[in-house]
Amino acid sequence: MSSQEEILSDGRFSRITRDPRFWEMPEKERKVKIDKRFRAMFHDKKFKLTYTVDKRGRPVNYTSAENLRKFYALSESDSDLSESESKEVKKKKKKK
């Protein structure tokens, strides 16, 4: 099997290194930015599903909230607000 350097040095594949379609997406741009209007989806029970079985039938302990955090991020100005707000929600739940 050929190594990565040999493939990239081959003339047939040299355009892959220059073509932006084949570049990896930067870590900052991978997640979709969510503004303050939709930040409730990270802690609201309506958006949280608990999975007991994965798509192949294997038992798992997984929630959809983890998946939301994987693909979505709060915009930088709203992230500070959401942390303080999530603490307030936890305090209210403890009081009840």
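Report the FRET efficiency, 1/(1 + (r/R0)^6), for Y62 and Q4, where r is their Cβ-Cβ distance and R0 is 30 Å, rounded to 0.05.
Given R0 = 30 Å and the Cβ-Cβ separation, E is 0.35.
Karplus couplings for segment 6-14 from phi (6.51 cos²θ - 1.76 cosθ + 1.60, θ = phi - 60°), rounded to Hz, Gly and Pro as x?
Computed from phi, the couplings for segment 6-14 are 5, 5, 6, 7, 5, x, 5, 10, 5 Hz.
Values quoted throughout were computed directly from the atomic coordinates according to the rules given, and no laboratory measurement underlies them. All figures in this text were calculated on a predicted structure; none of them were measured in a lab. Cβ coordinates were reconstructed from backbone atoms using ideal geometry, including for glycine residues, and neighbour counts include every protein chain displayed.
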